[in-house]
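One structure is given here, and the rest of the page talks about it.
The values are calculated or read from the model by the stated rules, or taken from the named source; none is laboratory data. If you're wondering where the values come from, they're calculated on a predicted model, not measured in any experiment. With ideal geometry, Cβ positions are generated from the backbone for all residues, glycine too; neighbour counts draw on all protein chains shown.
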């Protein structure tokens, strides 16, 4: 075989495909998920959350201050559910730390035991794409004549792209399985929810 040569195994490289900055950006996103979304509110913090839309526990507030840019922008595609039919609405977003604190509070009100697991991640410069598994209970669950029934639980997947600027999360885009989530919650009882 004239002109052919044996190439070294491209997968046997000892070099890391990511720069140190990209490794740091992924670590920042994982820390953000853990410290903001996976924090377990105490009963006192939970009661305070019902008193003010802007309330987040001190530990979460510190995490937000440490990890999130002042002009943080969240991009979402909202959906409307009518008689079991899910219809995409216009794009929704929130900007700033006050808006984000309100978002965290609203999500906690609906799903106090939310847990997010970041699985696979791809990093390109200032962008981190991460696959997420979200699980929890829908607190807006059904009740009959004042009797609280077991809360409908859910597990769903989403993908998020986070943009990091100056070692803080500056922007994100989230796409999730809204249809599957609504079906799980509706199957267990009442609907309702908040977009994270």
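A few remarks follow.
- Residues in segment 31-46 that are crowded, with 17+ Cβ neighbours inside 10 Å, out of contact with any helix residue (DSSP H, G or I) (no Cβ under 8 Å at 6 or more places or on another chain) and at pLDDT 95 or above: 33 alone.
- Of the set (1) at pLDDT 85 or above; (2) part of a strand (DSSP E or B); (3) within 14 Å of the chain's Cα centre (by Cα), all apply to residue 76 but (1).
- Close pairs from segment 47-62: first modelled with pLDDT under 90, partner not in a helix (DSSP H, G or I), Cβ under 7 Å, at least 6 apart: 48/55; 49/41; 49/55
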